[in-house]
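The values are calculated or read from the model by the stated rules, or taken from the named source; none is laboratory data. Bear in mind that the values here come from a model prediction, so they are computed numbers and not experimental data. Here the Cβ positions follow ideal geometry from the backbone for every residue, glycine too, while neighbour counts run over all protein chains shown.
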Amino acid sequence: MRRKSLTTLVAAGAIALSVATVGIVTSAGTSSAAGHAKAAKLYDISIGDSYSVGYQNPTILNSTGFTGYVAKKEKLTLENFGCSGATTTSIFLQTGCPTADSAPATSGGVAYPTTDQVDAALNFIAYHPGQVGLVTVSIGGNDVTSCATQPPASVFSCVAAANTSIATNVGNLVTDLNNYLTASGDTTAHIVGITYPDVILGDWVAPAASTNPGLAELSIAAFDALINPTLNTAYTSVTRGAFVNVTSAPYKTATAGDDTGTFASNAGAAPFTYSGPTKTIPGLAKNAPAPVAEVCALTWYCDTTYFGDIHANTKGYAFIGGLVVAKLGTL
């Protein structure tokens, strides 16, 4: 259905653009088409889940998230189609965004009560030819969230099973976006997808009375062997695509993920060990692995009130936004 409507929608957008251009290329002293193009509003389209809308705990409203940070830095107008709770499947099938969490937290939020998230975003691209400067995507986390509650022996297989649909769905999403951007004449627009901070590393230190370093270690394997490679392949499957690996990004002297030092277990049994830089986490640990401390600093996961909240905090969203801006500088 999406491919069938592509020609019609793009044609309509092209006609609208040509009509708008007619009156600005005539007599001397009037604006030129080049001047009009230079002054045209460029949009940053956001697609995805609660990370795309910048959701934080219920006490923090109007969070701009990483998408708001990027749009401001790149001087783009944010059109945010994200929806808290979205999965790589629901963005294609769910009509509208029924999740109340998205409304107060979304910066630049767009309502789409009669269509799904992907079609809403693609329709916007088609009706704004040549005006899209960037598409950012955050999706896939909710596909694997439930795996963290599985027995240790089942965690990796659970992620592997979900990873199959992630690969297919995100691949299809990137292909659709690329086709629409190309047909709409947005030749310089990039599609940048992100992964997430490895919040499960927080189980190494929290909750204080019931830590689970084994689950923390399993999360490293899940990101490194499954989630990140799959997302990287999907987002870079087109020439305009790029991937930001948050789990391997440097944050001060450590990371927002798992690439500083070495986590090692004794054949899958406790005690789990870590060798590398350590940091103090106030109220939780004096010698925590540096990546664990950084995840605790960038998210709500280790917070004593909101323990287990997988979302980034204000500092975390700004950190992720900075990574996206830095990636754009290399493209």
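Quick notes on this one:
- Residue match in the range 61-75 (condition: surrounded by fewer than 24 Cβ atoms within 10 Å (Cβ to Cβ), basic (Lys, Arg) and not in a loop (DSSP other than H, G, I, E, B)): yes
- Yes/no for ALA100 being part of a loop (DSSP other than H, G, I, E, B) and either out of contact with any strand residue (DSSP E or B) (no Cβ under 6 Å at 6 or more places or on another chain) or at pLDDT 95 or above (or both): yes
- Output for the range 80-95, where each listed residue is under 11 Å from ALA120 (Cα atoms) and part of a helix (DSSP H, G or I): ILE91, PHE92
- For THR136: the one exception among (1) closer than 29 Å to ALA225 by Cα; (2) of a type in the set (Ser, Thr, Tyr); (3) assigned to a helix (DSSP H, G or I): (3)
- If the condition is being polar (S, T, N, Q) and within 13 Å of PRO197 (Cβ to Cβ), then the range 297-325 contributes THR299, ASN313.
- The single condition among (1) in a loop (DSSP other than H, G, I, E, B); (2) without any contact (Cβ under 8 Å) to a residue 40 or more places away in the chain that PHE223 does not meet is (1).
- Restricting the first member to the range 109-125 and to residues that are in contact (Cβ under 8 Å) with a residue 24 or more places away in the chain and within 20 Å of GLY171 (Cα to Cα), and the second to residues that are part of a helix (DSSP H, G or I) and of a type in the set (Asp, Glu), the beta-carbon pairs closer than 8 Å and six or more apart or on different chains are VAL118/ASP176; LEU122/ASP176.
- Any chance SER219 is crowded, with 18+ Cβ neighbours inside 10 Å and of a type outside the set (A, V, I, L, M, F, W, C): yes
- Filter result (crowded, with 18+ Cβ neighbours inside 10 Å, under 23 Å from the mean Cα position of the chain (by Cα) and over 19 Å from SER52 (Cβ atoms)) within the range 170-214: ASP186, ILE200, LEU201, GLY202, ASP203
- Candidate set from the range 278-331 (those that are buried (at least 16 other Cβ atoms within 10 Å of the Cβ) and among the basic types (Lys, Arg)); member that is farthest from GLY68 (Cα to Cα): LYS279
- PHE92 vs. criteria touching a residue at least 24 places away in the same chain (Cβ under 8 Å) and within 16 Å of ILE194 (Cβ to Cβ): no
- Count - residues of the range 280-302 that are free of Cβ contacts under 8 Å to residues at least 24 places away in the same chain and in a loop (DSSP other than H, G, I, E, B): 1
- Condition met for ALA216 (among the aliphatic types (A, V, I, L, M), modelled with pLDDT of 85 or more and either on the phi > 0 side of the Ramachandran plot or in contact with a Leu (Cβ under 6 Å, 6 or more places away or on another chain) (or both)): yes
- Options VAL155, VAL118; residue that is within 17 Å of the chain's Cα centre (by Cα), among the β-branched types (Val, Ile, Thr) and assigned to a helix (DSSP H, G or I): VAL118
- Some residue of the range 195-202 being of a type in the set (D, E, K, R) and either part of a helix (DSSP H, G or I) or more than 30 Å from GLY283 (Cα to Cα) (or both): no
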